[in-house]
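Reviewing the structure listed below.
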Amino acid sequence: MDPWVGARILISIFAACVVGGLKSVYGSLAGGFIIGALEILITHAFASILGSWIWSYRAITSILIACLILLIMPKGLAGFISRLREMR
């Protein structure tokens, strides 16, 4: 444990809420699952290519994932799903 544990996890929590959509609790839960899984998988893939030093930069991957998803879906997953429902 160190004093920066809360700050490090806060980055992933913020990215998960943004990816899921800030207006939906269920979207935030889905965003948390997506961010958690992709953060570990992408960091593991980069660590196998570049080396184990990349694990200390794991929080950057969650912010990059959030940025990419917001470029595609500006309102997050919940906004995307509600827009699909309106199209029906």
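Each reported figure results from applying straightforward, stated rules to the coordinates on display, with no laboratory input. Remember, it's a predicted structure, so these values are computed and weren't measured experimentally. Neighbour counts run over all protein chains shown; Cβ positions are idealised from the backbone, glycine included.
Please specify each residue of region 1-27 satisfying the condition of being charged (D, E, K, R) and part of a helix (DSSP H, G or I).
Within region 1-27, ARG8 is the sole residue that qualifies.
Write out, first by first residue and then by second, each pair whose Cβ atoms fall under 9 Å of each other, whose residues are 6+ apart or on separate chains, and whose first residue, in region 11-24, is on the phi < 0 side of the Ramachandran plot while the second is part of a loop (DSSP other than H, G, I, E, B) and buried (at least 20 other Cβ atoms within 10 Å of the Cβ).
Pairs found: none.
Filter region 12-41 down to residues that are over 18 Å from PHE80 (Cβ atoms), of a type in the set (A, V, I, L, M, F, W, C) and surrounded by 17 or more Cβ atoms within 10 Å (Cβ to Cβ), then give me how many there are.
Selection size over region 12-41: 0.
Note down all Cβ pairs under 9 Å where the first residue falls in region 56-79 and is in contact (Cβ under 8 Å) with a residue 24 or more places away in the chain and on the phi > 0 side of the Ramachandran plot, the second is surrounded by 16 or more Cβ atoms within 10 Å (Cβ to Cβ) and among the β-branched types (Val, Ile, Thr), and they're at least six residues apart or on different chains.
GLY76/VAL18; GLY76/VAL19; GLY76/ILE69
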